[in-house]
Amino acid sequence: MNFRLLKDKILSKLMLVFTLASVSLLLVIGIGLYYKSIPIIQRLGWTELITTSVWKPLKGLFGFFPFIMGTLWVTAIAIIIALPLCLLTALYIVEYAPARIKRILTPFVNLLSGIPPVIFGVWGVLFIIPLIQVHIAPHFVEFSTGYSVLAGGIVLAVMIFPLIVSIISEVLRTIPQELKDASLALGATKWETIKKVILRKALPGIVAATVLAISRAFGETIAVLMVCGNNAIVPHSVFDTGYPLPALIANNYGEMLSIPSYDSALMFAALLLFIIILLFNIISRVILARLERRLAA
Amino acid sequence: MRKRKFEELFFRVLMILATIIVSGSFFLIVGTIFFKGLPYMNWDMITKTPGGGFYIGKEGGILNAIIGSFYVAGGATVLGLIISIPVAIFINLYMDGKRLLSNTIRMAFDVLFGIPSIVYGAFGFLIMVYFGIRASLLGGIIAVTLLVIPILVRTLDEVIRTVPFELRDATLSLGATRLETAKVVLRQIRPGIFTAILLSFGRAIGDVASVLFTAGFSDNIPTSLHEPAATLPLAIFFQLGSPVEEVQGRGYASALILTIIVLIITVLADILIKKFSKHKI
């Protein structure tokens, strides 16, 4: 008897340790990356690192502005493409689609979310790049290789489809049927009900889904790296090349130990990503948790 | 009145179009990969390691990367499970009456799930430098384990929460300790554990950014944890960057291999989830 209790006690402590250790990973990653970026932060300071544009590691100049802008451009394009499409899709799946079509559609969203990033990259190179180079860019600019922030944005948009669709669908399902019925009974059409009742009710959830999608797009590495062109210049149009932060880290890990303070600069890039994504994730998770609680109440 | 009807119709058409684009993108991607990769597929690709001059278009295959990927993803999933099962059990069975705390922990794992793999890769690299581990199978497994822990914990947690409270209460009231209750619960969620394994394995085998710094690359199949290991996504990436057409083509074929592996895993996981929810009490 005592032995059983003892076993329970000891193992429960062990489980507690495992739990604390894995949760504190969040802290440890942050501290570890910060610790490694201290040299570069002390030498150049946060503002200079973030706001200057000269990237010459051999001369010790590390301006992250082009990379931050590259990330912002790619992410913005991805969200602008993905959000309306996914919102409409989620509305169709939840509000309109007959059960049979719903059953057919859901697995595809699942399958899409299972496709690895590198495959999206290959697809981008094989499909999106030629599409932009031959069919889209010539209408707007004189010459484009296709490798551009637009290509990165499109590939990212497709990558975040499943995430946005699944979260918005879940949020839409939490809206009480009574509200919809009341609106329909007053003579509103289905679309008017969506516009004036459902969307208004679902707004926090849609915001949360968007914030989560932004943070996912921010950190995506390989697919973006393969299609963005990777020039350390601030992009000025969608057909310009860009060089997002994660691509910077991934592309330069090979030489980072041979050039002084290069490794520190790259860890600073990882730290920047970590901080932004951490904040965005916490914001969206808090919104979603609050929604869930409202539903439970 | 007519305007309202028109608006309704207009948006309905828009929604159907959007749905076609979103779900069609899956076919577009898989279709493109099949179309480009199939002509370069042959048995050598999956049965041979790169021969001399493989990267200028001579013979060989990517068996090294396939095996390497299975080693990394398998090792990470096993290690991840060893850590995640106790965590999921602890959150659900040992934290009664501490809802706030357990929900905070859940949220921490949600946030960890959102941390991109390049950050895990960079952090894994820091750990390796700290402990003096070179780029190797072991390094890759460590980084990918960090990546899959949140996936495993979240999935297991969700499955455990579907086990009815009555079952736990009945077990506890018969005099079982919480640990013994945990055993009953674990037996109940066995299909759920397989789902978690598949999800984690699928994510691990396809991820590049976490193994980029940590696993290295090698033309040989690793025979020990301290040897560098090639991984499938990295092999695709390298081959695609080659100027030689034959090598690029093999890159497409490798992409096809990875796509097929991942699709099989995703479909299996899907079937298991369905089966599991069917037998739910």
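Here are the numbers for this structure:
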{"quantity": "Relative contact order, percent, chain A [alpha-carbon distance under 8 Å, six or more residues apart]", "calculated": "27"}
{"quantity": "Hz values of 3J(HN,Hα) by residue in region A:265-279 - Karplus curve (6.51, -1.76, 1.60), Gly and Pro given as x", "calculated": "5, 5, 5, 5, 4, 5, 5, 4, 4, 4, 5, 4, 5, 4, 4"}
{"quantity": "Net charge dipole size for the protein assembly as shown [Lys, Arg +1 and Asp, Glu -1 on Cβ; Debye, nearest 20]", "calculated": "2060"}
{"quantity": "Region B:47-278: proportion of alpha-carbon pairs further apart than 31 angstrom, %", "calculated": "32"}
{"quantity": "Exposed GluC sites (Glu not before Pro) absent - longest run of chain A, DSSP non-H/G/I/E/B, at most 14 other C-beta within 10 Å", "calculated": "A:1-141"}
{"quantity": "Number of partner chain Cβ atoms within 10 Å, mean per residue of B:120-132", "calculated": "5"}
{"quantity": "Derived scalar couplings ³J(HN,Hα) [region A:209-226; Karplus, 6.51 cos²θ - 1.76 cosθ + 1.60; whole Hz; x for Gly, Pro]", "calculated": "4, 5, 4, 5, 5, 4, 5, 5, 5, 4, x, 5, 10, 5, 5, 5, 4, 6"}
{"quantity": "Order of B:Val159, B:Val211, A:Val197, B:Val13 - criterion: other Cβ atoms within 10 Å of each residue's Cβ, fewest first", "calculated": "B:Val13, A:Val197, B:Val159, B:Val211"}
{"quantity": "Cut-off under 5 Å, modelled amide H: who pairs with A:Asn230 long-range", "calculated": "A:Gly242"}
{"quantity": "Interchain or long-range residues, amide H under 5 Å from A:Phe62's placed H", "calculated": "A:Lys56"}
{"quantity": "Check: region B:12-144 dipole with +1 on Lys, Arg Cβ and -1 on Asp, Glu Cβ, in debye", "calculated": "180"}
{"quantity": "Residue of A:Val17, A:Val171, A:Val234 that the Gaussian network model of chain A assigns the largest fluctuation, springs spanning Cα pairs under 10 Å", "calculated": "A:Val17"}
{"quantity": "Taking B:Ser200, B:Ser218 and counting other C-beta atoms within 10 Å, the order from fewest to most", "calculated": "B:Ser218, B:Ser200"}
{"quantity": "Mean ellipticity per residue at 222 nm, deg cm²/dmol - from DSSP H runs of n ≥ 4 across chain A, formula -39500 (n - 2.57)", "calculated": "-23000 deg cm²/dmol"}
{"quantity": "Helical contribution to [θ] at 222 nm, DSSP H n ≥ 4, -39,500 (n - 2.57), averaged over chain B, rounded to 500", "calculated": "-25500 deg cm²/dmol"}
{"quantity": "Highest-MSF residue in chain A out of A:Ser264, A:Ser169, A:Ser12 [GNM, Cα springs under 10 Å]", "calculated": "A:Ser12"}
{"quantity": "Among A:Ile214, A:Pro66, A:Gly254 the positive-end extreme of the charge dipole of chain A (Cβ point charges)", "calculated": "A:Ile214"}
{"quantity": "Square roots of 5 times each gyration tensor eigenvalue, C-alpha, the protein assembly as shown, largest first, Å", "calculated": "36, 33, 25"}
{"quantity": "Förster-model FRET efficiency, 45 Å R0, A:Ile101 and A:Asn231, C-beta, rounded to 0.05", "calculated": "0.50"}
{"quantity": "Shielding by other protein chains, B:201-208, mean Cβ within 10 Å", "calculated": "4"}
{"quantity": "Cβ-based exposure ranking for A:Thr51, B:Thr195, B:Thr223, A:Thr71, in which fewest neighbours within 10 Å come first", "calculated": "B:Thr223, A:Thr51, B:Thr195, A:Thr71"}
{"quantity": "Gain on full stretching of the segment that runs from A:Glu170 to A:Leu5 - 0.36 nm per residue minus C-alpha separation", "calculated": "55.2 nm"}
{"quantity": "Cross-link reach list, lysines versus B:Lys183, counting only Cα pairs under 20 Å and skipping chain neighbours closer than eight places", "calculated": "A:Lys7, A:Lys9, A:Lys13, B:Lys280"}
{"quantity": "Residue among A:Leu87, B:Phe34, A:Val28 farthest towards the positive dipole end of the protein assembly as shown, charges placed on Cβ", "calculated": "A:Leu87"}
{"quantity": "Residue of B:Ala215, B:Ala176, B:Ala76 that the Gaussian network model of chain B assigns the largest fluctuation, springs spanning Cα pairs under 10 Å", "calculated": "B:Ala176"}
{"quantity": "Selection from A:Thr189, A:Leu163, A:Ile128 lying farthest towards where the dipole of region A:113-223 points positive, charges on Cβ", "calculated": "A:Thr189"}
{"quantity": "Debye, to nearest 20: dipole size of region B:47-278, +1 on Lys, Arg Cβ, -1 on Asp, Glu Cβ", "calculated": "620"}
{"quantity": "Per-residue average of Cβ from other chains inside 10 Å of B:81-87", "calculated": "4"}
{"quantity": "Phi to ³J(HN,Hα) by Karplus 6.51 cos²θ - 1.76 cosθ + 1.60 over region A:256-262, Hz, x for Gly, Pro", "calculated": "5, 8, 8, 10, x, 6, 5"}
{"quantity": "Listed pairs A:Lys102/B:Lys3; A:Lys102/A:Lys196; A:Lys201/B:Lys275; A:Lys196/B:Lys5 exceeding 22 Å between Cα atoms", "calculated": "A:Lys102/B:Lys3; A:Lys102/A:Lys196; A:Lys201/B:Lys275"}
{"quantity": "Spatial separation of Cα centroids for region A:144-195 and region B:114-128, in angstrom", "calculated": "32"}
{"quantity": "Taking chain B and dividing mean pair separation by its residue count, relative contact order in percent (alpha carbons under 8 Å, at least six apart)", "calculated": "28"}
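Read-outs throughout are calculated quantities, based only on the coordinates presented, and are distinct from any laboratory measurement. Keep in mind that this is a model prediction, so the values were computed, not measured. With ideal geometry, Cβ positions are generated from the backbone for all residues, glycine too; neighbour counts draw on all protein chains shown.
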